[in-house]
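As structure tokens, the structure follows; a few thoughts come after it.
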Amino acid sequence: MAFDSTRPLGFATRAIHHGYNPADNANALTPPLHLSSTFAFPTAEEGGALFAGETEGHVYSRISNPTVALLESRIADLEGAEAGLCTGSGMGAISATMWTLLKPGDEIITDQTLYGCTFAFMRDGLSRFGITITHVDVRDPENLRGAISDKTRIVYFESPANPNMRLVDIRAVSSIAHEHDTLVVVDNTYASPMLTRPLTLGADFVLHSATKYLGGHGDLVAGAVCGRADAIHEIRMVGVKDMTGSVMAPFNAMLVMRGLKTLQLRMARHCESGMKVAEWLEAQPGVSVVHYPGLVSHPQHELAKRQMDGFGGMVAFELEGGYEAGLAMMNRLRLIRRAVSLGDAETLIQHPASMTHSTYSPDERRAHGISEGLVRLSVGLEDVTDLIEDLAGALGTNDR
Ligand SMILES: *Cc1c(COP(=O)(O)O)cnc(C)c1O
């Protein structure tokens, strides 16, 4: 970049500028959209050299694309990673990473709470290929010691976890895993790199559903994985190019870059409103529990203060009337949208047991700490007074 700062640039500045100089692109303020499936070789020999890995450049957009590459370098920079790789979806990032790192006979240890499709991918996908999945409550990192073996290739978790907002001490878990030469993979979708940077705490890979906070506008499905350059190159050449084909379209890369420009602004608002909604909910009669890491009542509030630069916009809660009361409340909302996904400008509400986490059996949900009555709220960017009024109407606390 032409601008030369003597100190590291701030998060918002990097989210807007990293890796791009208008002077390289006809002075266009906005990076160009390279809608090209393939890239012409100046000579046959130069094409051969690209394939042999002797020179660097773009060959075919299932491997790399200049627009996507800019986004990859931006997300990697925000995560403090050497390299990044974007994929067609969050599940694309998760599956491409797992198929690349694992082989039959390997074992993976995951936290008990995982996003529903991640849980199903491991239970129904990876396990069919001779990989053992063990679920351990890694909220207590010491539990890992008893479970880890010389077959354990990966420790995998989300922090905060979807949907119940459990946290994992990334530094403590990484240090135990590394004593056993085990890789640590963290799904950082809920926090975004603005609130938590797992690689700086010792993790080896960080994954995202870029559909959520990174994109931020509910208009695309996308994913990303960041880590060491050699490992990311392998995931690109094996997990994405040959195994899943889960590539990000260049147009979606443009949209995610547009979203990233306001990540810091949006996240600050999500955090502010998330805290207000969580505190308000906790004070309502009929609400039995609120799961939000910013609340003093959250069992891991101290860890949240240490590990997160803000508590985010995701709030989960339960009503005294359980499942039925939760569904009835959702149906009375007028402004808050009943929809899965999260991290959008619009506030979204959903019921994990019948929606995002219906991939778990009821027994599995019970064993993994996902209660049937849990309602998950993604607090959006609207005026928080309007959100609270809508919730009050739906909870019936208006007319008390
Ligand atoms: C949504 C989500 C995913 C899957 O991402 P897609 O972009 O929908 O494929 C993975 N992990 C978490 C925590 C999610 O919320």
ask   = Quick one: which of 48-57, 97-106 comes out on top by average Cβ neighbours within 10 Å, and what's the full order, highest first?
value = 97-106, 48-57
note = Violations at 31 Å Cα threshold for listed pairs Lys103/Lys261; Lys151/Lys261; Lys261/Lys305; Lys151/Lys305; Lys241/Lys305; Lys151/Lys212 -> Lys103/Lys261; Lys151/Lys261; Lys151/Lys305; Lys241/Lys305; Lys151/Lys212
key: Contact order normalised by residue count of the chain, Cα under 8 Å, 6+ apart, percent   = 17 percent
remark   = The ³J(HN,Hα) series, computed from each phi in region 134-139 with the Karplus coefficients 6.51, -1.76 and 1.60 at θ = phi - 60°, rounded to the nearest Hz and given as x for glycine or proline, is 10, 9, 10, 6, 8, 4
inquiry  = Give me the extension gain from Asp137 to Met237: residue separation times 0.36 nm, minus the current Cα-Cα distance, reported in nm with one decimal.
reply    = 32.7 nm
Sorted by Cβ neighbour density within 10 Å, fewest at the top, the residues Phe129, Phe157 = Phe129, Phe157
key: region 125-151 residues near the modelled Arg228 label - backbone nitrogen below 16 Å, point 7 Å along Cα→Cβ   = none
task = Return a whole-number percent for the relative contact order of region 87-230, with Cα pairs under 8 Å and 6 or more residues apart as the contact set.
result = 27 percent
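Every number here is computed from the coordinates shown, using simple stated rules; none is lab data. Values in this document were obtained by computation on a predicted structure and should not be read as measured data. Ideal geometry is used to build each Cβ from the backbone, glycine not excepted, and the neighbour counts take in all protein chains shown.
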